[in-house]
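K.L.:
Got a structure for you, questions after.
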Amino acid sequence: MSRMVVVDDTSHLIHYEGSWFVDTTGSQDSKGNYGPVINKTLHGTVTNASISFAYNGTGISALGTINLRNDSGVLDPQWQCFLDGVQLRSNPARDFENNWSLCNVASTPGVSVNDGPHILTVNITVQRSQTFWFDRINYKPSDSVPLDDETIIVQNNDPELMYDPSWVSLGGDSNATSQTGSNVTFFFQGISLSWFGYFPSQRSRGASSGTFSVDDGTPRSFTLEGLPNANSVTRYNQEFFRTPDLNPGHHKLDVVFLGNDKTTPLVLDYLVIRNSTAGTNQTNPSDGDGDGDLNVGVSGVSRSKVGVIVGGVLGGLAVVLGLLIVLLICQRRHRRKKKEDSRPQHITVIDTTGNGLPAEPSIRSRPLRTPLFSNPGISSFSHASQFLPSSKLARYQQQQSPAATSHPRSSGSESMSGPTSTFQSTYHQSAPSDRGFQSSEVIVHEDSGTGITVMGTNNLRNDSGVLDPQWQCFVDGVLLRSNPFSFFENNWSLCDLASTPGVSVEDGPHVLTVNVTVQRSQTFWFDRINYKPSTTVPLDDKVIMVENDDPDIQYDSHWIRWAGNANSTSQTGSKFKFFFDGISLSWLGYIPSNSPHGAASGTYSIDDNTPISFPLNGLPDANSVTLYNQEFFRTPDLNPGRHKLDVVFLGNEQTTPLVLDYLVIRRNGTAGVDQTTPSDGAGGQTSSSKTNLGAIVGGILGSLVIVLGILILLIYRRRRHRSKIREVPQNITIIDTTGNDHSRETSVHPHPSFPYPGVSFSHPSQFLPSSKLARYQENQRTHHIQTSPGLSSDPQSSVPSSAVQSTRYTQVPSEGDFQPDVVVHEDSGIRNVSPDPPPPPPRIEVPPSYTPT
């Protein structure tokens, strides 16, 4: 039976006309034997009114609480149901019952509904003030209708339910068991699940119990009270248990019956699943004509969109982390700049040598950064490694390595063509170099785990008993057994820890080394590494190999073991089911030579989507040998997350069987460039698995906040930096005590905001690079100024001895004394020299006034 969607009476999707009131107290729950109403809510009216509901799908039914008044054959209230204007059959009853089917498409003869948009209308007529009670609508949705926020009914005969053999059909509409230890397993997607059954009057009435567990967690017990006495009637729509609220996603339910044939049996009528954003609290719906429908008596808590919360939290954490990193970087830069800016910016250069400033001064030597080179004799392979549960192996894809001593090639080489391809059609080769006849290569792989296998293409050359190439494998320096083979084969185990007697490896970090020696120019081909990892190794970016005997694989009864290392079926309609996490999956098996060779086919579907067919070509003739490692199909790329794979075999005993050797799962986009070689039957399909919109929105918003915060911080830092530069004084004074010309012009950058007229001389005695001025210690400047007389002239020189920058003139001698020429320099230090060759009159240079300290 198809799954139905439940729409409660409180849903905004239902349109009410007329005068209605709402009962939220569950006042009618105890009436009749059909159980309480859904969520303890009902819409009621005592006047003429109507209900309308638009939907996309096929079948539909309206359910409510029936309590008719019969006055001389006149029933009150009355109702008529129409689907797109076509009247449906109504189902009145004399008894007071909840969860009653008021009208139903299935019970209306001659009415068929095509999949598509429809409108249900219910017209109510009340003549004797008898209340009409409306509870809910159940409908079968179109495949295009999203179920993310819907409440779903799963009937007892749903193919996803996995009963053990002790369960039997009861009444044609339910399943029951009286066997101690009976169990049922069900995989579902949602945030809660309720089990609804009934207490049959024709069975034992003693109380019993059972347990349920979710995702292999601790079992929880539930009670089956049974009926009070032999005169009791069957009680329908009883909620036996409800799971606690779960995280949105796929879950596994296991139920075990603990009673026996002397107690009330465990009956399953239907399950109710509430998805992550469902507006209702819980349900107990079933579709029928009155012999059992729906209810839940426990109110759930309306849950907000967990994805949005998670996304917001992750985005907030990303913002905080990003801002902390930016602040730390800026703080370190600020400290470095503060040290550089702490040097005085009032510069005085005193040249006492007469040689001028050096042409290429340097403040310090900058250390060179020497690059680090790895050992050229060893190449490290970094592959898409995986670790697996007990029966699984991780597959390393060697072409993931960014650097290797071997040489990658594509699968186009004719020497590698054949029915069995290499993993992902890539390989690395090692051959002799031009420098000599013999060549040696080394492959090194480091990881954490236990078992490990090196796979490649075996193609040995045998010259008088000398095999070429040759290889040796070591794990932590311990030699492993090599497996040379005289035939040309892909996917060959070159060396294997499991095949080496006396060698055991503890779980932990290990190093695998493969030494390759080529003597006769025969190519050594390397394909991949398979290893069993530690449980601490993350699988998010790995490629996984799942063996045929993995406990998570669900075969139906038609599958058999094949040759001890595979499973196969030749039964038409045989089914296979497997839940996995990843973005793609490949099925690899083989075509056996000792079975029929006729072509067959099968289908696979992902997440209950439209099945996709794949061919099984079989072998060309009776003389053909078994073909191993054949990829029968590969799924299209899926959204990351959990998915369900369903496979159905469409061949028969006269065609080639369907064989499963192993599955290959790529966990996400970083796990490899490609998956295994795609088959001809793997058509494109868009996955129906939906990413968590809330997490995406939160991540995007968080990223935008980070970018905005960084931009604001950078703009602030830049403006602050510019402001700081403008405030730094750059006053420079040059005093030449030798009278010699400078070898080059020196620039001075006076600053208008210099706070006082005197010149400050406090500088380190070190030279700057070519674009800067040298600085001398304060004591040198002070000593020169103090030892120079206030009024003096050099009789040996006709060139003024110094030029002093100042903001004011100092008083010169009066007219009664001699009349010297007074020159006060206020520029860059270029001297005013008399152009006349005759000796000039005496000159004195008056230094600026200084404030005593």
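The values are calculated or read from the model by the stated rules, or taken from the named source; none is laboratory data. Please read all numbers here as calculations on a predicted model, not as lab measurements. Positions of Cβ are generated from backbone atoms using ideal geometry, with glycine treated the same way; all protein chains shown enter the neighbour counts.
K.L.:
Considering region 157-184 alone, what residues qualify as being closer than 26 Å to Val647 by Cβ, in a strand (DSSP E or B) and of a type in the set (A, V, I, L, M, F, W, C)? It would help to see each step written out before you state the result.
P.N.:
Step one: filter region 157-184 for residues closer than 26 Å to Val647 by Cβ, giving 157-165, 167, 175, 183-184.
Those left that are additionally in a strand (DSSP E or B): 162-163, 175, 183-184.
Scanning region 157-184 gives Met162, Val184.
K.L.:
Considering only residues that are in a loop (DSSP other than H, G, I, E, B), of a type outside the set (S, T, N, Q) and in contact (Cβ under 8 Å) with a residue 12 or more places away in the chain, look in region 450-476 and name the one that is surrounded by the fewest Cβ atoms within 10 Å (Cβ to Cβ).
P.N.:
Initial filter on region 450-476 (in a loop (DSSP other than H, G, I, E, B)): 459-460, 464-465, 469, 476.
From what's left, of a type outside the set (S, T, N, Q): 460, 465, 469, 476.
Still in the running and in contact (Cβ under 8 Å) with a residue 12 or more places away in the chain: 460, 469, 476.
Working: Leu460: 15, Pro469: 25, Asp476: 11.
Taking the candidates together, the pick is Asp476.
K.L.:
Could you please find all residues in region 215-226 being in contact (Cβ under 8 Å) with a residue 12 or more places away in the chain and surrounded by fewer than 19 Cβ atoms within 10 Å (Cβ to Cβ)?
P.N.:
Applying the first criterion (in contact (Cβ under 8 Å) with a residue 12 or more places away in the chain) to region 215-226 yields 215-216, 219-226.
Listed by number, the residues that qualify are Asp215, Asp216, Pro219, Arg220, Ser221, Phe222, Thr223, Glu225.
Yes or no, residue by residue, for (1) closer than 19 Å to Phe649 by Cα; (2) without any contact (Cβ under 8 Å) to a residue 24 or more places away in the chain; (3) part of a strand (DSSP E or B):
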residue: Gln522; (1), (2), (3): no, no, no
residue: Thr535; (1), (2), (3): no, no, no
residue: Leu539; (1), (2), (3): no, no, no
residue: Met545; (1), (2), (3): no, no, yes
residue: Asp550; (1), (2), (3): no, no, no
residue: Gly589; (1), (2), (3): yes, no, yes
residue: Ser595; (1), (2), (3): yes, no, no
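K.L.:
I'd like the residue in region 56-82 that is assigned to a loop (DSSP other than H, G, I, E, B) and either of a type outside the set (Gly, Ala, Ser) or modelled with pLDDT of 95 or more (or both) and, out of all such residues, is surrounded by the fewest Cβ atoms within 10 Å (Cβ to Cβ). I'd like the intermediate steps shown before the answer.
P.N.:
At the first step, the residues of region 56-82 found to be assigned to a loop (DSSP other than H, G, I, E, B) are 67-68, 72-73, 77.
Now drop any that are not either of a type outside the set (Gly, Ala, Ser) or modelled with pLDDT of 95 or more (or both), which leaves 67-68, 77.
Values: Asn67: 20, Leu68: 15, Pro77: 24.
By that ranking, first place goes to Leu68.
K.L.:
Tell me which strands (runs of 3 or more DSSP E) are completely within region 1-52 and hold 3 or more residues being closer than 18 Å to Asp149 by Cα, or say none if there are none.
P.N.:
Numbers: elements: 4-8, 14-17, 21-23, 42-45.
So the answer is 4-8.
K.L.:
Can you report the number of residues in region 210-253 which are among the small types (Gly, Ala, Ser) and over 35 Å from the mean Cα position of the chain (by Cα)?
P.N.:
In the first step, residues of region 210-253 are kept if they are among the small types (Gly, Ala, Ser); the result is 210, 213, 217, 221, 226, 230, 232, 249.
With over 35 Å from the mean Cα position of the chain (by Cα) added as a condition, the list becomes 210, 221, 226, 230, 232.
The total comes to 5.
K.L.:
Let me ask something else about it. Go over the candidates Gly259, Gly181, Gly210, Gly249 one by one and state the one that is farther than 25 Å from Pro36 by Cα and touching a Leu at 6+ places or on another chain (Cβ under 7 Å).
P.N.:
On the way: Gly181 fails: touching a Leu at 6+ places or on another chain (Cβ under 7 Å); Gly210 fails: farther than 25 Å from Pro36 by Cα; Gly249 fails: touching a Leu at 6+ places or on another chain (Cβ under 7 Å).
That would be Gly259, the only listed residue that is farther than 25 Å from Pro36 by Cα and touching a Leu at 6+ places or on another chain (Cβ under 7 Å).
K.L.:
Here's another thing I want to ask about it. Can you pull out every residue in region 161-187 that is small (Gly, Ala, Ser), buried (at least 17 other Cβ atoms within 10 Å of the Cβ) and at pLDDT below 95? Before the answer, list the steps.
P.N.:
The initial filter retains those residues of region 161-187 that are small (Gly, Ala, Ser), namely 166, 169, 171-172, 174, 176, 178, 181-182.
Right, trim to buried (at least 17 other Cβ atoms within 10 Å of the Cβ) and you get 174, 176, 178, 182.
Hits for region 161-187: nothing passes.
K.L.:
May I ask you to say which residue of Phe134, Phe187 is part of a strand (DSSP E or B), over 26 Å from Gly32 (Cα atoms) and not polar (S, T, N, Q)? Give the steps one after another, and end with the answer.
P.N.:
Values: Phe134 fails: over 26 Å from Gly32 (Cα atoms).
Selected residue: Phe187, the only one of Phe134, Phe187 that is part of a strand (DSSP E or B), over 26 Å from Gly32 (Cα atoms) and not polar (S, T, N, Q).
K.L.:
So which of Ala600, Ala566 is more than 30 Å from Ser144 (Cβ to Cβ), in contact with an Asp or Glu (Cβ under 9 Å, 6 or more places away or on another chain) and of a type in the set (A, V, I, L, M)?
P.N.:
One residue alone meets the criteria, Ala566.
K.L.:
Any idea which of Ile560, Ile612, Ile544 is of a type in the set (A, V, I, L, M) and touching a Leu at 6+ places or on another chain (Cβ under 8 Å)? Can you show your working first?
P.N.:
Working: Ile560 fails: touching a Leu at 6+ places or on another chain (Cβ under 8 Å); Ile612 fails: touching a Leu at 6+ places or on another chain (Cβ under 8 Å).
The conditions single out Ile544.
K.L.:
I've got another one for you. So which residues in region 574-613 are closer than 22 Å to Pro551 by Cα and out of contact with any Lys or Arg (no Cβ under 9 Å at 6 or more places or on another chain)?
P.N.:
Here is the first cut: in region 574-613, the ones closer than 22 Å to Pro551 by Cα are 574-590, 604-608.
Selection gives Ser574, Lys575, Phe576, Leu588, Gly589, Tyr590, Tyr604.
K.L.:
Within region 462-475, does at least one residue satisfy the condition of being small (Gly, Ala, Ser) and in contact with a strand residue (DSSP E or B) (Cβ under 7 Å, 6 or more places away or on another chain)? Before you say what the answer is, go through the steps one by one.
P.N.:
Quick first cut of region 462-475, residues small (Gly, Ala, Ser) only: 464-465.
Narrowing further to those that are in contact with a strand residue (DSSP E or B) (Cβ under 7 Å, 6 or more places away or on another chain): none.
No - not one qualifying residue is present in region 462-475.
K.L.:
Considering only residues that are in contact (Cβ under 8 Å) with a residue 60 or more places away in the chain and not charged (D, E, K, R), look in region 150-160 and name the one that is surrounded by the most Cβ atoms within 10 Å (Cβ to Cβ).
P.N.:
This residue is Thr151.
K.L.:
Scan Phe633, Phe578 and give me the residue that is part of a strand (DSSP E or B) and either at pLDDT below 95 or surrounded by fewer than 21 Cβ atoms within 10 Å (Cβ to Cβ) (or both).
P.N.:
Numbers: Phe633 fails: either at pLDDT below 95 or surrounded by fewer than 21 Cβ atoms within 10 Å (Cβ to Cβ) (or both).
Going through Phe633, Phe578 in turn, the sole match is Phe578.
K.L.:
(1) modelled with pLDDT under 85; (2) among the polar types (S, T, N, Q); (3) under 20 Å from Val475 (Cα atoms): which one isn't true of Ser521, the others all being true?
P.N.:
With respect to (1) modelled with pLDDT under 85; (2) among the polar types (S, T, N, Q); (3) under 20 Å from Val475 (Cα atoms), Ser521 is out only on (3).
K.L.:
Of Gln429, Gln438, which residue is of a type in the set (S, T, N, Q), surrounded by 17 or more Cβ atoms within 10 Å (Cβ to Cβ) and at pLDDT below 75?
P.N.:
Details: Gln438 fails: surrounded by 17 or more Cβ atoms within 10 Å (Cβ to Cβ).
When all the criteria are applied, what remains is Gln429.
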